[in-house]
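Trainee: Structure below; questions to follow.
The values are calculated or read from the model by the stated rules, or taken from the named source; none is laboratory data. Model, not experiment: these values are computed from the prediction. All Cβ positions, glycine included, derive from the backbone under ideal geometry; neighbour counts span all protein chains shown. Just so you know, the surface numbers come from the protein's heavy atoms only, side chains and all, with ligands and any DNA or RNA stripped out. Shrake-Rupley method; radii C 1.70, N 1.55, O 1.52, S 1.80 Å.
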Amino acid sequence: MNVFQHVETTIKSALTALIKDGVLPEGLDLAKVSAELPKDPTHGDFATSIALALAKPAGKKPREIADALAGKLVGAKDIAKVDVAGPGFVNLTMKPEYWHALVTAILKDGSSYGANGIGNRETVNVEYVSANPTGPMHVGHCRGAVFGDALANLLSFAGFDVTREYYINDAGGQVDVLARSAHLRYREALGEDIGAIPDGLYPGDYLKPVGAALAKMYGIKLVGKPEAEWLAEVRTFAIDAMMVMIREDLEALNIKHNIFVSEASLTRGGTDKVKAAIDALDKKGLIYKGRLEKPLGHDGDDWEDREQTLFKSTQFGDDADRALQKSDGSYTYFAGDIAYHYDKVQRGYRQLINVFGADHVGYITRLTCAVAAFGGGKANIKGWCTEGGQTDIEVKVVQLVKLFKGGEPYKMSKRAGTFVTLRDVVDEVGRDPVRFMMLYRKELEPLDFDFSKVTEQSKDNPVFYVQYAHARAASVAGKALDVFPNLDLSAAALAKVDLGALTDEAELALVHRLAEFPRMINGAAGVREPHRVAFYLYDLASAFHGLWARGNDLPQLRFIQANDRSLTLARLALVHATKSVISSGLAVLGVEAPEAMH
């Protein structure tokens, strides 16, 4: 039950009646009708400004339309009071029974309350993490991993058909460095004194087990051989070992992908998907031979002052065309990315969402242009999406995380082997605090993660405050059975309870919070912002804790009234509904909803 949609439908019906009566002209756009929460709760439960929006097309004063609309709404089912305010705002106050019915609906819907909204089973591919397979996940990957996973949960809850995908960057020079680093550790495992790790190789101890495994498998067979004879084999072995480690790191955060796509697979097994992608662009007249000027600040890896195969990305809003093949025929790094996204389009996805770290912002425009070319749309660089085509892409950028411990920040340096791993953080504070706090900021805002804050038991620790609300709600049922043995406190039984006794303003205010959940889910899914769920849960928990506190101060407001079984059941129904919504919201965030706090 989405109360906002219900009220909007009621308003539209009243406006339609006014059109039929000749009070308003034909052809008005009623899609603009919206019901909002008044800034001042004393003004009512809902407010609409549709009279102001219709004034010009209707040729009438806003107040005149508002008065007519109010007249039609007076006496409507569920509406207790209608007021016209200001230049033409219409405020609605609903009957208590309306809010009671919502509690009953939540109890009946259970975990499906607020679900299956705007998605309509539309396919969405969410690619996130996609870290180079050269070592364990570090805390910088952590935020993107949690954000991507929560976004996938959110979209799925809102009714989208979501695929969670990881792109393994296993075809670049960094995996050759990995192989050389692993081979060095292999020699060490055989007893060789390797000394200091040479510059340019990965020095982390995480490669020691890989070296030991290589020694166990190959013995001394790879010792003394030219690099060309062992590089490919050791590279494959090391990549596989790193992906096992990465999957274990992600599992620590309860993150699982549906699909892992290897970059190397694009040109393996007798197929060349990169060539297929370039050919597809060529058929559209978007490929040519030419030279490019070296961009300012470019590192030179994908640039050469010779004729190359270029993609006309400037036709889609890019500031320069992009090289796909060098003069020697080898593919650029970008060519592989184009092929990978072309493959996504070929797999039939209508919407693509990529989660990037802040260090990849400069890559967004060219990637957007490529998908626009394949999808038949046009690039909207400002919004990082495509419009008008068969496939849309949106890139979400996740900013950096700063760790604080003992007043000193942790510093990360992957090549130095001194970085803070994802597992370090999870092992110290637990999965739930990590996930919740990584989502308690908008992804574009830098995040300070304070180890002491995320473990304290106070209102200042959001994850504790929300989980405590769920545990408190769960505890009420046990206390009620101590007073009223043999009560059926299942959701199905509580859905049949008479809720007429719920009249306190704090109780109704809590119901109003519950009413916002479906709209919040749709809004958060629409703009791809799972942090809105975390913010909502904190506000809902605050309302519930506030109601609990009122019961401590005023015994007549306590959930359990030993002398009034029917009132107790009504309040238990509200508590159960609140617990259900908190549980659903935490599930979207991938955080446990505990029955008790320890």
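Trainee: If you take every DSSP beta bridge fully contained in the chain, what fraction is antiparallel? Give it as a percent rounded to 5. Intermediate values should be presented prior to the final figure.
Mentor: On the way: 24 of 48 bridges.
Around 50 percent of the beta bridges assigned by DSSP in the chain are antiparallel ones.
Trainee: Ignoring everything but the protein chains, give the 1.4 Å probe accessible area of MET597 in square angstrom, nearest 10.
Mentor: Counting only protein heavy atoms, the figure is 70 Å².
Trainee: Can you give the translational diffusion coefficient of segment 1-156 in µm²/s, computed by Stokes-Einstein from the Kirkwood radius over Cα pairs at 25 °C and 0.890 mPa s? Present the calculation step by step, with values, prior to reporting the outcome.
Mentor: Values: Rh = 18.8 Å.
In µm²/s, the coefficient is 131.
Trainee: Of the heavy-atom accessible surface of the chain (probe 1.4 angstrom), what whole percent is carbon and sulfur?
Mentor: Working: 13310 of 26870 Å².
Roughly 50 percent, rounded to a whole number.
Trainee: To make sure I understand the rule: partners must be lysines, Cα under 24 Å from the Cα of LYS32, and not fewer than 8 residues away in the same chain. Which ones qualify?
Mentor: The reachable lysines, counting only those whose Cα sits under 24 Å from LYS32, are LYS12, LYS20, LYS56, LYS60, LYS61, LYS72, LYS77, LYS81.
Trainee: Just how much of ASP282 is accessible, in Å², when a 1.4 Å probe is used and the result is rounded to the nearest 10?
Mentor: 80 Å²
Trainee: How would you classify segment 464-529 from its alpha-carbon gyration tensor, with a ≥ b ≥ c the square roots of the eigenvalues: rounded for a/c under 1.5, else prolate if a/b is greater than b/c, otherwise oblate?
Mentor: On the way: a/c = 2.21, a/b = 1.72, b/c = 1.28.
It comes out prolate by the Cα gyration axes.
Trainee: If you don't mind, another one. Could you give the accessible area per residue of segment 476-527, probe 1.4 Å, as a whole number in Å²?
Mentor: On the way: 2280 Å² over 52 residues.
Using a 1.4 Å probe on heavy atoms only, each residue of segment 476-527 averages 44 Å².
Trainee: Of all trypsin sites (Lys or Arg not before Pro) in segment 87-186, which ones are in loop regions per DSSP and have a Cβ with at most 11 other Cβ atoms within 10 Å?
Mentor: Numbers: sites: LYS108, ARG121, ARG143, ARG164, ARG180, ARG185; in loops: ARG121.
Here the trypsin sites (Lys or Arg not before Pro) that fit, given the DSSP loop and packing criteria, are ARG121.
Trainee: Roughly how big is the chain's charge dipole about its Cα centre, with Cβ charges of +1 (Lys, Arg) and -1 (Asp, Glu), in debye to the nearest 20?
Mentor: Details: 69 positive and 77 negative charges, 198 e Å.
Dipole about the Cα centre, nearest 20: 940 debye.
Trainee: With each run of n ≥ 4 DSSP H residues scored as -39500 (n - 2.57), what mean residue ellipticity at 222 nm is computed for the chain after dividing by its residue count and rounding to the nearest 500 deg cm²/dmol? Before the final figure, lay out the partial values.
Mentor: Numbers: 19 runs with 274 residues, N = 598.
So the calculated ellipticity at 222 nm is -15000 deg cm²/dmol.
Trainee: I've got another one for you. Please work out, to two decimal places, the log10 of the ratio I(q)/I(0) at q = 0.21, 0.32 Å⁻¹ from a Debye calculation in which every Cα of segment 100-145 carries one identical scatterer.
Mentor: Each listed q maps to, in turn, -0.78, -1.12.
Trainee: While we're looking at this one, here's another question. Can you put VAL244, VAL511 in order of accessible area, largest first, using a 1.4 Å probe? Spell out each step's value before the answer.
Mentor: Details: VAL244 80, VAL511 5 Å².
Descending order: VAL244, VAL511.
Trainee: Dividing the alpha-carbon Rg of segment 458-598 by 2.2 N^0.38 Å yields what? Each step should come with its number before you reach the end.
Mentor: Numbers: Rg = 15.1 Å, N = 141, 2.2 N^0.38 = 14.4 Å.
The value comes to 1.05.
Trainee: Taking each full run of DSSP H in the chain as one helix, which ones are at least 18 Å long along their axis (Cα atoms) and have mean Kyte-Doolittle hydropathy of at least 1.0?
Mentor: Details: long enough: 3-20 (26 Å, 0.58); 96-109 (20 Å, 0.09); 139-157 (27 Å, 0.87); 173-189 (24 Å, -0.49); 227-252 (37 Å, 0.28); 333-346 (20 Å, -0.49); 462-483 (32 Å, 0.46); 531-553 (33 Å, -0.11); 565-589 (36 Å, 1.04).
Answer set is 565-589.
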